[in-house]
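Undergrad: Take this structure, written in structure tokens, and hold onto it; I'll ask about it next.
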């Protein structure tokens, strides 16, 4: 009887031990060491394909942009990997111009993970030698200057840049341009702007480099100007028996600016009066201009020297 009781208790204890062990394994299963967790397979699509060791004198003109990767490994580790964090490369070391078939690789995989497959298993990469051409910079002006103002000749510094890239890309370049907006401008504009290589339709050509990428553009904007003669205004007459032999003015003409309609009203401009009443000798005086019409500005800031040569008749 005693023996049966002991055997019964032992069986109960063994059953309880294994039941507790199963329950413990179920509760703590997620914390098993990585190497003891079961492996799963997971696919990662649209993973960006990168490259290494491209020669400085070569340009890539064709390459597969994305691949699909299948990994084997522990679920916890794979959960930490996304298509954006997964790195896939092709090595371009020691490759020359031409078409190459290369095998993408995943250089760094976490512990407990292996690469099952990469699709496509091989990719084509086209390499071309980089060339460089010098091209003049053109300015595309948008907008219009303020009413009544005119735009002068545009200056660009530097006025030429180098465009570099594979020949197949350079062949697409129609011109190098920059864009400057002068909307309602009423004075000179100086801007530092970026330049782009564009095709015949005005679209930026990808895959080419412009050096320098910035230029300084100067656009003169001002009111119209014209040069008009200066006339001497005189008061009185020389003494009897004498007469004016010659009149000299310095300067003999001045530049004026204003809107076209205002400039059309003025063809000459007079000085302030110079008195020569009863004069028998030459008279020299520095005088200002007078009678400047409204809306017209004289560009000469100093006075006009008037020299009136007087002598016997």
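Undergrad: Residues in region 198-213 that are surrounded by 14 or more Cβ atoms within 10 Å (Cβ to Cβ) and either touching a residue at least 60 places away in the same chain (Cβ under 8 Å) or under 11 Å from the mean Cα position of the chain (by Cα) (or both): how many?
TA: Number of matching residues: 2.
Undergrad: Another one. Please go through (1) under 16 Å from the mean Cα position of the chain (by Cα); (2) under 27 Å from residue 224 (Cβ atoms); (3) free of Cβ contacts under 8 Å to residues at least 40 places away in the same chain; (4) surrounded by 13 or more Cβ atoms within 10 Å (Cβ to Cβ) for residue 139 and return the number of the only condition it doesn't satisfy.
TA: Failed condition: (3).
Undergrad: Here's another thing I want to ask about it. Could you list all residues from region 45-77 that are more than 25 Å from residue 100 (Cβ to Cβ) and assigned to a strand (DSSP E or B)?
TA: Listed by number, the residues that qualify are 71, 72, 73, 74.
Undergrad: Just checking, does region 249-259 include any residue being closer than 14 Å to residue 229 by Cα and touching a residue at least 60 places away in the same chain (Cβ under 8 Å)?
TA: no
Undergrad: If you don't mind, there's one more thing I want to ask. Run down 32, 58, 71, 54 and say which single residue is at pLDDT 90 or above, surrounded by 13 or more Cβ atoms within 10 Å (Cβ to Cβ) and more than 34 Å from the chain's Cα centre (by Cα).
TA: The match here is 71.
Undergrad: Being over 22 Å from residue 132 (Cα atoms) and either in contact with a strand residue (DSSP E or B) (Cβ under 6 Å, 6 or more places away or on another chain) or not in a strand (DSSP E or B) (or both) narrows it down to one residue among 191, 206; which is it?
TA: After applying the criteria, what remains is 191.
Undergrad: Scan region 177-188 and give yes if some residue there is assigned by TED's automatic domain parsing to the domain that holds residue 203, at positive phi and exposed (fewer than 15 other Cβ atoms within 10 Å of the Cβ), otherwise no.
TA: Looking for residues that are assigned by TED's automatic domain parsing to the domain that holds residue 203, at positive phi and exposed (fewer than 15 other Cβ atoms within 10 Å of the Cβ), one finds at least one in region 177-188, hence yes.
Rundown of residues vs (1) at pLDDT 95 or above; (2) out of contact with any helix residue (DSSP H, G or I) (no Cβ under 9 Å at 6 or more places or on another chain); (3) assigned by TED's automatic domain parsing to the domain that holds residue 259, yes/no style:
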| position | (1), (2), (3) |
| --- | --- |
| 135 | yes, yes, no |
| 158 | yes, yes, no |
| 163 | yes, no, no |
| 169 | no, yes, no |
| 175 | yes, yes, no |
| 203 | yes, yes, no |
| 210 | yes, yes, no |
| 216 | yes, yes, no |
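Undergrad: Taking the stated definitions as given, is residue 88 outside the structural domain of residue 208 (by TED's automatic domain parsing), modelled with pLDDT under 90, in contact with a strand residue (DSSP E or B) (Cβ under 9 Å, 6 or more places away or on another chain) and surrounded by 16 or more Cβ atoms within 10 Å (Cβ to Cβ)?
TA: In short, no.
Undergrad: Quick one: in region 142-173, which of the residues that are surrounded by 15 or more Cβ atoms within 10 Å (Cβ to Cβ) and assigned to a loop (DSSP other than H, G, I, E, B) is farthest from the chain's Cα centre (by Cα)?
TA: 149
Undergrad: Can you confirm whether region 175-182 contains a residue that is farther than 24 Å from residue 98 by Cα and not in a strand (DSSP E or B)?
TA: Within region 175-182, one or more residues are farther than 24 Å from residue 98 by Cα and not in a strand (DSSP E or B).
The values are calculated or read from the model by the stated rules, or taken from the named source; none is laboratory data. This structure is a prediction, so every number in the text was calculated from the model and none was measured. FYI the Cβ positions are ideal-geometry reconstructions off the backbone, even for glycines, and counts take in every protein chain you see.
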